[in-house]
Amino acid sequence: MTTITASQVKELRERTGVGLMECKKALSENSGDIEKAIQYLREKGLSKAAKKADRSTNEGKIFVATNSDNTVGLILEINCETDFVANNDDFISFGETIATHLLNTDSLESVEALEGTQINGKNFTELSGEYVLKLGENIKVKQFTRISAKYIGSYTHMTGKMGAIVGFSGSIDPEIAKDIAMHTAAVNPQYLKREDVSTQDLENEKTILKTQAINEGKPAEVVEKIVSGKINKYYSEHCLLEQFFVKDDKKTIKSLLEKEITITHFTRYELG
């Protein structure tokens, strides 16, 4: 019996895009001959996935998931080639399966690590290869983030093209948590609070504002005051806690929280 090495399986997988187990079987059936194994896979119809492997994936969906008590949250981006497939039930089922797996597997920290795991008894690459064949398009897991907190608020837009998860330091009204996650998805804050703004970003903004004031002919003695005032506006536009709530611009996000509760972290994804 011919011994099949890991390097042979790896090479065949890279050349065909087919799952590891199918590659190993193809090599075993063809005495380790890679060229014959490629032909074998083509005859089986499995190497169709390879022809799709280099196609651009500019569409897809954002998936979010939380555990039963909303203390762990997961946000995931999976890409495909067309909006038609992104809205296909099989693609959505695949995304939900991967999201649930990542939510429940805290040891996975990268897409590369995901590719080496078993999901519902199948290797990830084998499972994704099956969906590539079923849907007729290239499918790629682009990124994911998993967070833990006392409470997690989550939101995905009805189009599936953007979403967010937000961690809170304590119990919070679920509707408020969802609203803040929705706001985060819609408004795209760059920072949580003003202390998080990098020195470089802050100095760059001050330089721009100062130059604008000088170009407008403002007296030198009032330029600094103008810059200081506009920096506060910069914070309110870029820092989540200081932003005005998208559903009520009379309130800031911080004002929606009870005094002892704060936001610990947030992650927002937008397709592409």
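Some points to look at:
- Cα gyration tensor shape of segment 58-187, rounded if a/c is under 1.5, else prolate or oblate by comparing a/b with b/c: oblate
- Fraction in percent of alpha-carbon pairs per bin - 5 Å, the chain: 1, 6, 11, 12, 12, 11, 10, 9, 8, 6, 5, 4, 2, 1, 1, 0, 0, 0
- Rounded to the nearest 10 Å², the accessible area of Arg194 at probe 1.4 Å: 80
- Loop-resident sites, segment 207-272, for GluC sites (Glu not before Pro), counting at most 16 other Cβ within 10 Å (DSSP): Glu216, Glu258, Glu260
- Cβ-derived FRET efficiency at R0 45 Å, Ala186 paired with Lys218, nearest 0.05: 0.85
- The C-alpha atoms of segment 189-253 occupy a region whose extents along the principal axes are 38, 26, 14 Å, arranged from largest to smallest.
- Cβ-based charge dipole, the chain, positive-most Cα from Gln190, Asn88, Val72: Asn88
- In this rough spin-label picture, where each label sits 7 Å from Cα along the Cβ direction, the Leu133-Ser198 distance is 4.5 nm.
- For Lys25, the accessible area of its heavy atoms, probed at 1.4 Å with every protein chain present, is near 100 square angstrom.
- Choice from Val111, Val85, Val166 with maximal GNM fluctuation in the chain (Cα, 10 Å cutoff): Val111
- Here the extension length gained between His265 and Lys251 equals 3.0 nm, from 0.36 nm per residue of separation less the Cα-Cα distance.
- Largest-first ordering by accessible area, 1.4 Å probe, given options Ile165, Ile214: Ile214, Ile165
- Charge dipole (debye, nearest 20) of the chain; +1 at Cβ of Lys and Arg, -1 at Cβ of Asp and Glu: 220
- Cα-based shape type of segment 130-250, given that a ≥ b ≥ c are square roots of the gyration tensor eigenvalues and the cut on a/c is 1.5: prolate
- FRET efficiency, 1/(1 + (r/R0)^6) with R0 51 Å, evaluated for Glu11 and Ser169 via beta carbons: 0.55
- q = 0.15, 0.23, 0.28, 0.30 Å⁻¹, segment 175-220: log10 I(q)/I(0) [Debye, one scatterer per Cα]: -0.61, -0.83, -0.95, -0.99
- Label-point gap, in nm, between Asp106 and Thr3 - each point 7 angstrom along Cα→Cβ: 4.1
- The residues of the chain expose on average 54 square angstrom of accessible surface per residue, using a 1.4 Å probe on protein heavy atoms.
- When the pairs Lys210/Lys259; Lys178/Lys206; Lys218/Lys251; Lys10/Lys140; Lys142/Lys233 are compared against a 29 Å limit on Cα-Cα distance, Lys210/Lys259; Lys178/Lys206; Lys218/Lys251; Lys142/Lys233 fall above it.
- Shown for segment 187-272: the carbon plus sulfur share of the solvent-accessible area, taken with all protein chains present and a 1.4 angstrom probe, equals 48%.
- Listed residues Asp179, Asp106 arranged by accessible area, highest first, probe 1.4 Å: Asp106, Asp179
The values are calculated or read from the model by the stated rules, or taken from the named source; none is laboratory data. Just so you know, these numbers come straight off a predicted model, no measurement behind them. All Cβ positions, glycine included, derive from the backbone under ideal geometry; neighbour counts span all protein chains shown. Note: areas computed on protein heavy atoms with side chains; ligands, DNA, RNA excluded. Shrake-Rupley method; radii C 1.70, N 1.55, O 1.52, S 1.80 Å.
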